[in-house]
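Working notes, beginning with the structure itself.
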Amino acid sequence: MRQFSQVDVFTSEFLRGNPVAVVHGADGIPDEEMAAFARWTNLSETTFLLAPTQPGADYRLRIFTPGGELPFAGHPTLGSARAWLEAGGVPAAEGRIVQECGVGLVTVRDDGGRLAFAAPDLLRSGPVDPAELAAIAASLGLAPRRSWTPRGWTTGRGGSGSSCATRTPCSASARTSPPWAPTRWA
């Protein structure tokens, strides 16, 4: 049986954060089962902790939404790091967790239990393709108009408005699901 945790990210109060499901020891689970489990949890993201494949990584992370896999996402990075630590994970370097994911290696700083990371490099930049813009507009229920056509991709770091404005790393505290209700997934 495999264990999974549900972590409240961006809070220290139970049931007040942004939840992520974290499946521990996920090596050997087929992609289709990971996707099915993510659909079943119906959370914005479900993650799977695996053995690392790159030198220097403490663990490997795969992130799924109910609609598919993501190369990286902020709150799943922090919540998965918290769940990995609470399950007994020990980073190679004290105060520094290195997560391998679809964008490469992401360093998570552990500052006395407060986790933070710097956003990884962009995967894409430049002008938005008109067909993609139309698809984005349609998904929002809008008709594309020339007057609001973006000049390019915009990215930012998560966290509070002030952390975005000052370009400081995103940080969070997190709490796993209640200790009195351990959950296992076969």
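Any residue at all in the stretch 24-36 that's surrounded by 13 or more Cβ atoms within 10 Å (Cβ to Cβ), in contact with a helix residue (DSSP H, G or I) (Cβ under 8 Å, 6 or more places away or on another chain) and not aliphatic (A, V, I, L, M)?
yes
From the list V7, V23, which one is within 17 Å of I63 (Cβ to Cβ) and modelled with pLDDT under 95? Explain how you work it out, then say what you get.
On the way: V23 fails: modelled with pLDDT under 95.
Every option except V7 fails the conditions.
Looking at (1) among the acidic types (D, E); (2) surrounded by fewer than 13 Cβ atoms within 10 Å (Cβ to Cβ); (3) touching a residue at least 40 places away in the same chain (Cβ under 8 Å), which is the one condition that is false for D8?
Result: D8 passes all but (2).
What tally of residues in the stretch 32-76 results from selecting those that are more than 13 Å from the chain's Cα centre (by Cα), touching a residue at least 40 places away in the same chain (Cβ under 8 Å) and more than 16 Å from V7 (Cβ to Cβ)?
The number of residues fulfilling the criteria is 6.
The values are calculated or read from the model by the stated rules, or taken from the named source; none is laboratory data. Everything numeric in this text was worked out from a predicted model, so none of it was measured. Cβ sites come from the backbone with ideal geometry, for glycine too, and all protein chains shown count toward neighbours.
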